[in-house]
Amino acid sequence: MNRCGRYSLLIRDGRIVDINPSAQTLISLYPGAEVVDARNRIILPGFINAHYHGEGVLLRYITGRVSFGSWNELPGLRGAFARLLDPASASDIATLYRTAGYLHIRSGTTAVAEFPAGYTPAVLQGAIENIARAGVRTVFALQTWDQVESFRSSPPALRQFSISLGPVESYTVYSFDNFVRVSAETQFPLAVHLGETRAEVESLRGRFKKSPLRIVKDSGALVPATHLIHCNHIPEKEIDLTRDGGNPVTLCVRSALAKQTGYPLLRSLASHDVTICLGTDWGETDLLGEIRVLRNLRTYYPGILPYTPLELIRMATINGARALGIASQAGSLEVGKHADLVLIPFNDVRLPALSANPTAEEIAGIITDYCDTGMISDVMAQGVFRVRDGEVVRIDGNEILRDFRQLQGKFLPPAAEEHTRDRSPGIPLVLSDRSEKPSLLGEGETSHDVPREEKANMHSPGPVVDESMQKFPVVVKKIRKVFGEDDI
């Protein structure tokens, strides 16, 4: 949002090559150009999701509202992860990431920092190719030494990979030395899950006698390109270490609320000069929803310092680009950058009227306070329209839905059965002769067909994980090199 007001953009070969307040001037300068009418549209840079786990698209149906600390107790989750990590599930991973790409682009996200599981390099390559089908640029955090070895020859200029420090349980002085060395050799930046839960922080303190951020700093891993994620429980007195090092910090506030991991640092983070980015973390792909949660958080939790609307928009655009190392190519509307655009009609009856010459803060306020992803009319990624008039193009949405339903059928039988069960064309509204209250019943059903014990539970929520989830076979893990266990 470097400019506000009425500007026209000229796009060539996927990049913005001219910006001018006069559309007629551009038309006269480039008479052969195709003209796209974007009047009555707010034009934003494409959103950048700075932290995401693609597996959440599917597995969120298992984790539900269960606190993150209890996830290890969900047998359905353990079984599903084991199956996903089996190389025989390569086609399932392809479907998973194809679906994630579809959801990202529909939500206006044109670039993502993805934290995949420890797939084999061949399976990860399939994930990379399938999410790219939606036009989403993705930086994958490599999770195993096998992945690093396989992709280390990729040109760093593409900014397609980072290197994860791995789970906190694997942290050792030796492993940090390896990470720093390999990051320098490959020019892949480091990405660090840090201080997401209090238990994680206490575990590291017990082993290293230091806070997580101090551990990363003293190991030499806190270089300017290092991307820090979560930081819910980082001591406030140490947060200036990220400012001094120029390290971006990605917040996943809505996910922290759902996973019940806590976020005490939020109460004072706005008072520090730190580059904040936004990520959706698990399941969700809606960055506008993430913005709204952070915008309204102080309403529910007094003491949290507010961010301005313009600050929030920057968190979801240019700040995220900095975290992914692509700020020279994306994150703002500037000549020379990729044409990653999100268009929202501002003549929507649900939005307040804009002034004749709106400021950037006024436009940002309308977006943060009133807009949702359903209002996005068009999305362009690198000069190519991927969403037009509210519909995803260049991808068959029906095919995406069909394949994802089949994936649910393999991993989430109860949910898939509910969605794929043969139904009549409609559900009639039936008025009972014995009651004035209408009831919705399926064709051929009566209230007498419902057993008494089921009637008692019809309006109560069922268990988060069905017993049938426990029937998934556990796949024995194959031995392989993982971070913290061996050198390359």
Quiz item: Taking the condition β-branched (Val, Ile, Thr), surrounded by 18 or more Cβ atoms within 10 Å (Cβ to Cβ) and over 19 Å from residue 315 (Cβ atoms), does residue 197 pass?
Solution: yes
Quiz item: Restricting attention to region 18-55, which residues are of a type outside the set (Gly, Ala, Ser) and touching a Gly at 6+ places or on another chain (Cβ under 8 Å)?
Solution: 21, 44, 45, 47, 48, 49, 51, 52
Quiz item: When you go through 372, 340 one by one, which is the residue that is out of contact with any Cys (no Cβ under 7 Å at 6 or more places or on another chain), among the charged types (D, E, K, R) and crowded, with 22+ Cβ neighbours inside 10 Å?
Solution: 340
Practice problem: Could you grab the pairs with beta carbons closer than 8 Å, sequence gap of 6+ or different chains, first residue in region 252-265 and over 9 Å from residue 230 (Cβ atoms), second one basic (Lys, Arg) and part of a loop (DSSP other than H, G, I, E, B)? | Solution: 258/65
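Would you say residue 149 is over 15 Å from the mean Cα position of the chain (by Cα) and charged (D, E, K, R)?
Spelling it out, residue 149 is indeed over 15 Å from the mean Cα position of the chain (by Cα) and charged (D, E, K, R).
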Quiz item: Given the conditions (1) on the phi < 0 side of the Ramachandran plot; (2) modelled with pLDDT under 95; (3) surrounded by fewer than 19 Cβ atoms within 10 Å (Cβ to Cβ), and given that residue 62 satisfies all but one, which numbered condition is not satisfied?
Solution: (3)
Practice problem: Specify the residue that is modelled with the lowest pLDDT; the eligible residues are those in region 255-283 that are more than 18 Å from residue 243 (Cα to Cα) and surrounded by fewer than 20 Cβ atoms within 10 Å (Cβ to Cβ). | Solution: 264
Quiz item: Which of (1) charged (D, E, K, R); (2) under 15 Å from the mean Cα position of the chain (by Cα); (3) over 27 Å from residue 189 (Cβ atoms) does residue 298 not meet, given it meets every other one?
Solution: (2)
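The values are calculated or read from the model by the stated rules, or taken from the named source; none is laboratory data. Remember, it's a predicted structure, so these values are computed and weren't measured experimentally. Backbone-built Cβ (ideal geometry, glycine too); neighbour counts: all protein chains shown.
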